[in-house]
Structures are given as structure tokens and as C-alpha cells.
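The structure appears right after this line, and notes come after that.
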Amino acid sequence: MKIHSLTKEEVFQTLVTSENGLTEEEAKKRFTEFGPNEIEELGKTPLFIKFIKQFTHFLAILLWIGACLAILSESLHPGEGMLTLGLAITGVIFINAIFTFIQEYRAEKAVEKLKLLLPFHVKVVREGKVKEIPAREVVPGDLILLSEGDKVPADSRLIETKFLMVNNAPLTGESESVPLDTSPYTGDLIQSKNILFAGTTVVSGSGKGIVFATGMRTEFGRIAQLTGTVSSGLSPLQKEIIKITRVIAVLATATGAIFFLIGHFIGRTFWENFLFAIGIIVANVPEGLLPTVTLSLAMGSQRMAKRKALIKTLTSVETLGAVSVICTDKTGTLTQNKMSVKRVISLDESKKIENQPSIFTVALLCNNTKEIEGDLKGDPTEIALYKAAIDSIGHLDSERVKEFPFDFDRKRMSTINNLYGKNFILTKGAPESILSVCSHFLINSEITSLDTSIRERVSLFNHSLMDEGLRVLAFAFKEIKSSEEIIVAEDAEKDMVFLGLIGLEDPPRPEVPEAIKKCREAGIRIIMITGDGSRTALAIANEIGLVKGEPVIIEGNEFLKMSDDELRDILSKEEVIFSRMTPKYKLRVVNILKEEGERVAVTGDGVNDAPALKRADIGIAMGISGTDVAKEAADMILLDDNFATIVNAIEEGRTVYENIRKFISYIFSSNIPEIVPYLAYVLFRIPLPLTIMQILAVDLGTDMLPALALGAEKPSSGIMKTPPRSPKERLLTFPLLIRAYLFLGPIEATAGLFGFFYVLNLYGWQWGQMLESSNIIYLQATTACLTAIIVTQVANVFACRSFKESIFSLGIFSNRLIFIGLTFEILLQFFIVYHPLGNKIFSTYPISLNIWLILLPFAFLLFFAEEMRKLIYRKVLK
């Protein structure tokens, strides 16, 4: 079926549909037959393969080598306990693989859920009525309606167009927009001018089309079948975590090898030294770090979604925390996007104009507002004009013959309408743009020449309205004999009759002033980029507290004349407003800011905003007013179009990054009490205070849930009162390592060795005396060492909740997940210490309550030592 070669009537006949669209019953039948309109995700790694990959990464290979050597040593030297060690290391590999797989699976599912929060909708005609349905429910034969900014949901044959232009870049790679029409075409389908392809976008104009292919049957679907999908890759933070894990693994291996040689020189056996080397590797490597970080980012994304910020990729969560400049629109972001007509200024004072358009006639007819199922759909400005016009003059019987859509170069929109038996060009737009094409004005129902004095009078009216913070539009008309001669807007929009001005109010959002104050305190600059006049922009900026002094205001015509160096100098100023700007100018602003080392967030909602949204570090699209194109290009979508939500998301981004550091500090602190027993074992010829299985009980057991609870910590009070972090700043900083390895870790190590030696001395152990691994005294001593680490890690959770603030100012019970994690940690330790199965797996033996009580002071020591460090830090900071 060569659908592109058929006439309109043949298309209806072939697809068994009509201008009234399908019936609901027929649509359901076709949905059952053809399935949902979705591109299946091809090339997606099966779950089984993902699970297998957990056994082949760098750390896993290291542990496999260790396990094989241990099992080999058991076969060569039976009775050394190497088989148990080999099985234990194999168990570690499996536990780590299962844990990592589960965490990554949960993170992936969390991202999929976020995508479902913003379904892709399309307008269709069914049973003669226009309705919005999810794009996945579109079926062959559906009559779809498309306008500027829409994404095409399925391959469709055009039956009606009005100056329709599309961007076929997703399909052809060509960035130039293509004009379309309805004429039959006999060439290749892909080159046809009457076909809309799924995945492409409408750049301007509007049109109607009949869907002839959905889902994998579309051209886009066929390409997907051939190429599969491309992996999104790892975020910079995830790459850094992998790098950290590898570096630590290499260092641990090198340390193990060095102490293996030291043990050899001081006379220990090969197998004793081998046991030690494996222990050092297992103790040093943070096995659960990467999956914990991934899940923390996913949890952060879900929290942002609850605050009306939809994050499309996990990478964006970490990038948000580093944003230093926000380039924001005014309308709908800083303001409520609830337009209403506030003032009308007409030069004509006559009560009624016979057979001639009035200012409200143009407001009503040069307008694309649609009434759909009792609701008004369209641009908020046009809806406000439509309402005011209906209230003033009611509905008019008029036929629209042509339309010249608004564009940012002309700054106006025109239609040709048949009204009162005549043809009129009706135009609305920016006052300076409308005045430039007017040669006359209407006064006392008479058309009079527009002289300089009247132009100055109009300019004064315009300025007075803008000073009130109103968006001002001007209106004009012209009678013509025939519309056939007029092909382009330039032919229509000249020698027009000026009618007057309308001032529209869009009140600021009440949350915005507080959000702007937060940004100032956080060292984030806000640059307003608006299409409104400079006076309107300044009035709103003053009202919301965006400017405090005398801001630099640059209008679009000045902007075009500026060199990059001049623009760079302007952008270095503290308070900058760009007015009468077009979206395509945003890209230049973003480029200059990025060249200066700024991390830029940009808001946008239109087709022309897409390049700037893509170029920015964080592109932010509007969820309510944004076009599909803008949403596709953005990294984050505001579900409420609210500027305050951007600030909330930045706060959440900073919090996620800070929380990752918190649980890294918590996890790394327990490495020292795991390493020190092995050093003491080699250097001082004492029984091994902590077994490998007991280390694993900490790393993959008791530490996991408390670490995740730290990942859910609320924003600290000062998080939005510090400058943005540098993108070069590393996750693992020197102060963090000092705190974990040289401050908190040694306290835990001291507690562990104290517990070990306390139990040995309790039963009369003599220095240098080696004990069998099955000796009850030895088992109790290692149990005490393990218990000491767990007890101090309980205190460490509270210590790590903030690097600066006291736990008492945070509120001990403010993070309830901490207590869930600690409950799990303590119950697991009770199982390890007091249950026969726990004793068997982890080589432990029950200890008395007295030993727990003796170890408790070390928890208090760690807790109050960290509180004292924070106090000193705060005093020095002041």
C-alpha cells in the first residue's frame, strides 16, 4: 500500500475511517489487533546476563583468584582450614553479586516508574469529537491533530495542513525544517511531503493526519529493529565510584603482598601469610559501595519527583548540586501563567464600530484558542484574550482563510479572516513590532494617518502599562480585496491600521521570592531571559526580589550587536536581565557562561528552546506548558512549571551528593578495625582477632541498611548557604579520608582489640600463645572483637549524619530510617552471636551481657569525640 500516492478520499477508504475519526468501539478492536503504539526496547540486556556480569568484574575476578588458591591449598595441605576460606570467599562473591544485582534492578525500576509520571498524550478525533489520549493508545485509522511543538506519535498521512513544517532529524539526521502538504506523491515514502513520521517534531503550523502505522511497524520502529538500543552508560559519579573501588582493590592487593613478604621474613608459614593477604584484600575493598550509591541516586530521583521535579537520568541528580547559574524564563516559571486582561487602551473612543474590526475582534479571531469538551485549550495569553473578547463582544461568525503564525523574528501573528462579507488581515504582537507595520490608526470610527505625535503617545501608554508589570500586546487590522495574492507574512503585514493596546497581568508565584532568597544564599546567580519588554521584566524582577540595585538590562536588538567579549563582560555582572529575547538567543548565553566555567541550568518550553536545553548542564522543560520537543531535550521536567521547584531540586541534588559522602565515610570507618587485627596478627604473633567471615558480616551485613538510611538523610540546614561545589571536586576528599581512617577508624579498632584481649585475659591467656580456631576462648574473643566494631558502628551512624552539625541540633529521631537500619544491625548481630547457625557460619560463640556493657563506653567515646570535633570546627568556622 503506497499510502503517500493516494488522494485524501482514497486514504479514508483504504484505512476505513472518515473525517469524524474512528468510533471508540472500532478503536478498541484495532488496539487489540495492532497492540500498543510503542517502540519495543531491543538490545536490552536480559536479567540473567546482568546477573552473570556481577561475577566477572574486576573485584570479583580478584576474589575468584583468592578462592581458587585457597581451595588449591586445601588439596595440597589438608587440615589448614583453607577449604572453609575458599568457600567463604565464594560466598562473598555470590552475596555481593546478589546484593548488587538487586540494588541495580531496584534503581532501574525506580527510573522506569519516574518515566511513567509523564505520559505522552496526543489529540485525536473520535466519533466527531476532539479528545486527548495517551500516545500508546493511538491505532491505525485514527485522525490526529498536530500543532507547533508536538511530537508525532505514529506514521501518518496528511489530509490537511496550515503552514506545517516538521523536523525529521530523529529519522533522517537533517536539521533543516521541512514544509509539508497534502498532495499525492509517487516517489519514495521517506521523501514524501505528505507523510508525518513517528518521533519527528512539528516546528510550526498545524495539520491533520490519518495514522497508517504504529509501534514497531513505523519507520522509526523498523530502524530500531535493525540497530537495537544504545546503552545510556554510567554517570560520572558512578565511574568515580568504580575507579575508587579499583584503586582500593589494587592498594589492598599490594598491601596484602607486602605483608605476605613481611610475614615470610619473620618466620610465619606460607598459608598463614596467604590467609592474612586474603583478609587484607577483603577487609579493604568496599564490596557494596557501587550498588548503594546507585540506589541512593535513584531514591533521590524519586524524592525529587514527589517535589514535582522529574529527573530523566541519574546523572542529573549529581549535576544539580553543582549548578551555579540559572537562566530562567519569566512567564509561567517566575509567574503563575494565569493571564488575565487588566487594562485596555484604545485610541478610538466611539462606542461601536460598524462592519469594522475592533481591538476585541482581533483579540478573538487572531487567536488559536480551542474549546474542547467545555475547556479552553491553548496558550495562556491567547486564552486570556479569548475570554475578554467573548465577554465584550461575544462569538463572531467568521471564516479564517489563512494564518501567518507568530515567530520570534517578526514578534507578531496575523490571520486573514472573512468577516462582514469582507476580507481582513488581523494582527497582534509586541507594540514596537505592530507600530512598525502601521501607517494609520482608528479614531472616532475614522482611519487617520499615524503621525509622530500619536506614535509617541502610544509609546507612553505602552511604558506605563509595562511599569505596572503587565505584558503588553498591540492590535491592528487592514482590509484587503483578495487573500489569494498574499502568500507570505511580509506582503500582509504592511500599511496596517493601529487599534490599541491590551495589558495582561500574570501575577508572580508566591513561593518565588523565598526561592530567590535561597539562591542568593547558595551562591547561585539568576538571569532572567524573557520575550517581554524591559519595563515589564524589571517591574516583575523588583516585585519578586530578583534585583536589589540597578540591574544591567539588555534588549534583543542590543544583544544581536554585541561581541562575545562584550557579552562575557555583561554576564559577569551580578544582576542581569535580557528582554525581548528569542529562544534561539539563549544558546549563545549558555555557551558564554559555560566557557566561563559556570554550571548552567536553563528553562525552556518551546521548540526553539531545545538547542539551549541540550547545551546546558541541566536543561529544564516545563511539564504543563512545555512542548514535546523541549521535554525530549531536557534533563529535568518541572511537573508544576514552578521556579521554586528548580531550587528544591538543586537542594535535593546537593543533599544526595552530601549523603553519598556520609555513607562512604561510615563504610570506610569500619575498614580500619578490620585491617588492624590482621596487622597485629602478622606483626605481634597473636591469634587472629577477626576472621574473614566476620569482616564480611560487617561489610555485607550489618553496615548495609544503616548506610542506606544515611542516603535518605534530610538536607542539612546550611546546605543552601554554601557556594556550589566545583565539578573538579572529588567525592573522596582528603578531609573525609582523614576523618574515616585516622579519627573514627582508630577508635573502632581500639574497641575491637580491647574486646579481643579482654576476653583472652579473662581466661588467663599468655602473650605469644596461639589458640586453635575451634577453641571456645578464641571464638569468644573474636566474637567480642566483632561486637565492639558493631557497637561503635552504631554510634558512628549518628556521628556520620552530619559533617558539621551536632546530632542534637539535627534531632536524634529526625531520620526514622536510621532506627530501622540499627534494629536490623543489632538483630543480625544477636543472630551471629547467639544462634547456633550464626555461630557455625561466622565462627562465633555466645558472650555474656557483661562484655557488651564493657564495650559500650567506646561507642560513647566515638560519639562524643566526633561531637567535640564538630564543635571545634563550628567555632573555627565562625
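The values are calculated or read from the model by the stated rules, or taken from the named source; none is laboratory data. None of the values given here were measured: they were computed from a predicted structure. All Cβ positions, glycine included, derive from the backbone under ideal geometry; neighbour counts span all protein chains shown. Side chains included, ligands, DNA and RNA excluded: accessible areas come from the protein's heavy atoms. Shrake-Rupley method; radii C 1.70, N 1.55, O 1.52, S 1.80 Å.
Quick notes on this structure:
- Charge dipole magnitude, Cβ of K and R +1, D and E -1 - the chain, Cα centre, debye nearest 20: 2440 debye
- Our estimate of slack between Arg730 and Leu837, defined as 0.36 nm per intervening residue step minus the Cα-Cα distance, is 34.3 nm.
- A simple packing score, the average count of other Cβ atoms within 10 Å per residue, orders the peptides 316-326, 378-388 as 316-326, 378-388, with the highest score first.
- Inter-site label distance for Asp640 and Ser848 at 7 Å from Cα along Cβ, in nm: 6.0 nm
- Look at the dipole of the chain built from charges on Cβ: of Ile553, Met466, Phe813, the Cα furthest out on the positive end belongs to Phe813.
- Charge-dipole axis of the chain as Lys and Arg at +1 and Asp and Glu at -1 on Cβ define it, positive-most pick from Ile650, Met636, Asn542: Ile650
- His4 contributes about 10 Å² of solvent-accessible surface, heavy atoms of the protein only, 1.4 Å probe.
- Relative contact order computed over the range 654-878 (Cα-Cα under 8 Å; 6+ residues apart), in percent: 30 percent
- Cα-centred dipole magnitude for the range 654-878, charges only on beta-carbon of K, R (+1) and D, E (-1), debye, nearest 20: 1080 debye
- Partner aspartates and glutamates whose Cα lies under 18 Å from the Cα of Lys387, excluding those fewer than 8 positions away in the same chain, are identified as Glu371, Glu373, Asp375, Asp379, Asp397, Glu505, Asp506.
- The range 491-637 shape via C-alpha gyration tensor axes, a/c threshold 1.5: rounded
- Expressed as a whole percent, the proportion of Cα-Cα pairs in the range 340-505 lying more than 30 Å apart is 9%.
- Among 260-266, 783-789, 331-337, the order from most to least packed when residues are scored by Cβ within 10 Å on average: 783-789, 331-337, 260-266
- Sum of -39500 (n - 2.57) over DSSP H runs of 4+, divided by residues of the chain (222 nm, nearest 500): -15500 deg cm²/dmol
- Loop-located chymotrypsin sites (Phe, Trp or Tyr not before Pro) in the range 457-551, at most 10 other Cβ atoms within 10 Å (DSSP): none
- Normalised by the number of residues in the chain, the mean separation of alpha-carbon contacts (under 8 Å, six or more apart) gives a relative contact order of 11 percent.
- Straight-line cross-link reach from Lys151 at under 12 Å between alpha-carbon atoms covers these aspartates and glutamates, not counting any fewer than eight positions away in the same chain: Asp628, Glu632.
- Gain on full extension, evaluated as 0.36 nm per residue between His57 and Asp451 minus their Cα-Cα distance, stands at 133.9 nm.
- Sites Phe270 and Trp767 - FRET efficiency at Förster radius 25 Å, r taken between beta-carbons, to 0.05: 0.55
- Highest average first, the peptides 818-824, 733-739 ordered by how many other beta carbon atoms sit within 10 Å of their residues are 818-824, 733-739.
- Residue order for Arg816, Arg685 - accessible surface, 1.4 angstrom probe, largest first: Arg816, Arg685
- Counting protein heavy atoms only, the chain has 58 percent of its accessible area on carbon and sulfur, 1.4 angstrom probe.
- Residue-normalised accessible area of the chain, given per residue in Å² at a 1.4 Å probe: 44 Å²
- Net charge contributed by nearby residues that have their C-beta within less than 9 Å of His4 (K/R +1, D/E -1): +2
- Mean Cα-pair separation over length for the range 478-597, i.e. relative contact order, pairs under 8 Å, 6 or more apart, %: 26 percent
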